[in-house]
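Presented below is the structure to which this report refers.
What follows is calculated from the coordinates using simple rules that are stated; it is not laboratory data. As the structure is a prediction and not an experimental result, all values here were calculated from the model. We place every Cβ from the backbone using ideal geometry, glycine too, and count neighbours over all the protein chains shown.
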Amino acid sequence: VIIGQEARASHHFSLLDLPSSSGRLDVLLRCLRAALLVSHGLRRDTSVYLVLQGGWGAPRTVRVEGERARFLRPDERSLAMLVRRVLAAPAEGEGFIERHPGVSVAQGGLDQVLADLGQATHYVLEEGAPDVRGQALEGPAPVFYLGDHRGFSVETRAWIAARGAKPIGVGPLSLHSDDALALVVNELDRRDPPGDDGPPRRDERGD
Ligand SMILES: C[S@@+](CC[C@H](N)C(=O)[O-])C[C@H]1O[C@@H](n2cnc3c(N)ncnc32)[C@H](O)[C@@H]1O
């Protein structure tokens, strides 16, 4: 669950100047790629939530499900175009509404994510927290909360703490969000490598 404090909840941003016009959606898109996409495929057992807390219509959340997603390209511009397209659809109805195979949008932020998750074990990536390598990461459906370039707001930090999320760290330095996420995902890959259900699905685009 990647939380963009200023990331625009609307499609009104420019692909020519993504970082400043989108409230740093680029940070969230790199996280999306790090969590979901591997070379020539994606992690079927992973879903990513981009919580967009900035600008008009906020908060809204984009959910990308590895199990169902199609036509995801790994470059930031293509991912930005996809997110812009799904955000352009009018906000309507309750819960997540699919706007592209495996890509859905919901009006609402963290509470909406929580309702969608069901039973889960919550972890929060925090600088200075106990190293992920020493942690069991037990429990059903581990969920990881990650801040953007500005970290977490006071309100978000309190919301995450109220979920009983366990803090985990990925080393002694303050990393970019996508790098921190890549390390956690890699840890999960090592502990639970692809099994009988085969390697990650090759995306239909072949990227
Ligand atoms: C660039 S950092 C945020 C820095 C921001 N100045 C702050 O104080 O929170 C972005 C996010 O990456 C994650 N992160 C960065 N380095 C980390 C580390 N060493 N261990 C765990 N998470 C880390 C955290 O979730 C953080 O909110």
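Observations, loosely collected:
- Cα shape, segment 72-207, gyration tensor, a/c 1.5 rule: oblate
- Cβ-derived FRET efficiency at R0 30 Å, Q119 paired with S20, nearest 0.05: 0.15
- Scanning the chain for DSSP H helices at least 15 Å long along the axis (C-alpha atoms) with a Kyte-Doolittle mean no lower than 0.0 picks out 25-36, 76-88.
- Qualifying GluC sites (Glu not before Pro) in segment 1-101, where qualification requires a DSSP coil assignment and no more than 13 other C-beta atoms within 10 Å, comprise E67, E92, E94.
- Among L50, A35, P74 the positive-end extreme of the charge dipole of segment 30-93 (Cβ point charges): P74
- Evaluated with a Cβ-only charge set (Lys, Arg +1; Asp, Glu -1), segment 70-176 carries a dipole of roughly 300 debye about its Cα centre, given to the nearest 20.
- Subtracting the Cα-Cα distance of A158 and D131 from their residue separation scaled by 0.36 nm leaves 7.6 nm.
- With Cα atoms defining each centre, segment 156-176 and segment 1-35 are spaced 20 Å apart in the structure.
- Rounded, prolate or oblate (a/c below 1.5 giving rounded, otherwise prolate when a/b exceeds b/c) for segment 98-171 by Cα gyration tensor: prolate
- Across segment 1-155, Cα pairs under 8 Å and at least six residues apart give a relative contact order of 25 percent.
- Extension gain for N186 to S78 (0.36 nm times residue separation, less C-alpha to C-alpha distance): 36.5 nm.
- Residue (of T156, V143, V170) at the positive-pole extreme of segment 79-197, dipole from beta-carbon charges: T156
- Annotation: the antiparallel percentage among DSSP beta bridges lying fully within the chain is about 55.
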